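The values are calculated or read from the model by the stated rules, or taken from the named source; none is laboratory data. The shown structure was predicted, so the numbers you read here are calculated from the model rather than taken from an experiment. So basically every Cβ, Gly included, is an ideal-geometry build from the backbone, and we count neighbours across all protein chains shown.
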Amino acid sequence: MTIANGSGPASGPALSAEAAALYSPLALAYLGDAVFELCVRIHMMELGQLPVVELNRRAKALVNAQAQSRMYFALLDKVEETEADILRRGRNAKAPTKARHASITAYRHATGVEALFGYLKLTGQEERLRYVFQLCLDAAESGETDESDETAAASCPKEPAADSLPEK
């Protein structure tokens, strides 16, 4: 299976945008998680011959909730309105699982990114998928953050400084 030309055993006929939008955001994210992972792995292979340990290390820097949360904010103002709607629908979906290594806010933003990837794959928009993935890579490589991302992080409870704790 390849992303490049959309051929392979898993590629069926593309759905219309209306038909794809009928899927729940979590179903889109379910597919999008795999699509995003495949895009990252193909990108890793395009970097050249690297030890598998290094490939995994670099992939993990992209395939995690914090990185995908940054990608979410980078994508919001660069995608079409229907795509931004998919991002927001994915973000607002209530997943039955809990975030293990990320804040719930970052986890929800990551779900939005994955939902968009699932939507683009279902609708057969391979060129658009590659473009959006490149935007994600650019955001990850630049370390882009958004004020909203910083605001979300600021709203998370922080432990008080040791010197501000009451004495026992």
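Tabulated data
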| quantity | calculated |
| --- | --- |
| Members of the stretch 111-135 that are part of a helix (DSSP H, G or I) and of a type outside the set (A, V, I, L, M, F, W, C) | THR111, GLY112, GLU114, GLY118, TYR119, LYS121, GLU126, GLU127, ARG128, ARG130, TYR131, GLN134 |
| Count of residues meeting criterion [out of contact with any helix residue (DSSP H, G or I) (no Cβ under 6 Å at 6 or more places or on another chain) and either loosely packed, with under 15 Cβ neighbours inside 10 Å or more than 22 Å from SER16 (Cβ to Cβ) (or both)] in the stretch 111-129 | 1 |
| Qualifying residue in the stretch 87-94 (condition: of a type outside the set (Phe, Trp, Tyr), surrounded by 14 or more Cβ atoms within 10 Å (Cβ to Cβ), out of contact with any helix residue (DSSP H, G or I) (no Cβ under 6 Å at 6 or more places or on another chain) and not in a helix (DSSP H, G or I)) | no |
| Residue check for GLU18: among the acidic types (Asp, Glu), in a helix (DSSP H, G or I), modelled with pLDDT of 90 or more and exposed (fewer than 14 other Cβ atoms within 10 Å of the Cβ) | yes |
| Close pairs from the stretch 99-110: first within 16 Å of LEU62 (Cα to Cα), partner part of a loop (DSSP other than H, G, I, E, B) and small (Gly, Ala, Ser), Cβ under 6 Å, at least 6 apart | TYR107/ALA99 |
| Close pairs (8 angstrom Cβ cut-off, 6 or more residues apart or separate chains): over 18 Å from LEU137 (Cα atoms) in the stretch 78-93, hydrophobic (A, V, I, L, M, F, W, C) and surrounded by fewer than 16 Cβ atoms within 10 Å (Cβ to Cβ) anywhere | THR82/ALA17 |
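Okay, residues lined up against (1) under 17 Å from ALA29 (Cα atoms); (2) modelled with pLDDT of 95 or more; (3) of a type in the set (Asp, Glu):
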position	(1), (2), (3)
ALA61	no, no, no
GLN66	yes, no, no
ALA84	yes, yes, no
ALA93	yes, no, no
THR97	yes, no, no
PHE117	yes, yes, no
LEU120	yes, yes, no
THR123	yes, yes, no
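Quick grid of which residues meet (1) touching a strand residue (DSSP E or B) at 6+ places or on another chain (Cβ under 6 Å); (2) assigned to a helix (DSSP H, G or I); (3) surrounded by 15 or more Cβ atoms within 10 Å (Cβ to Cβ); (4) not polar (S, T, N, Q):
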| position | (1), (2), (3), (4) |
| --- | --- |
| CYS39 | no, yes, yes, yes |
| VAL53 | no, yes, no, yes |
| ARG57 | no, yes, no, yes |
| ALA61 | no, yes, no, yes |
| ALA84 | no, yes, yes, yes |
| THR97 | no, no, no, no |
| HIS109 | no, yes, yes, yes |
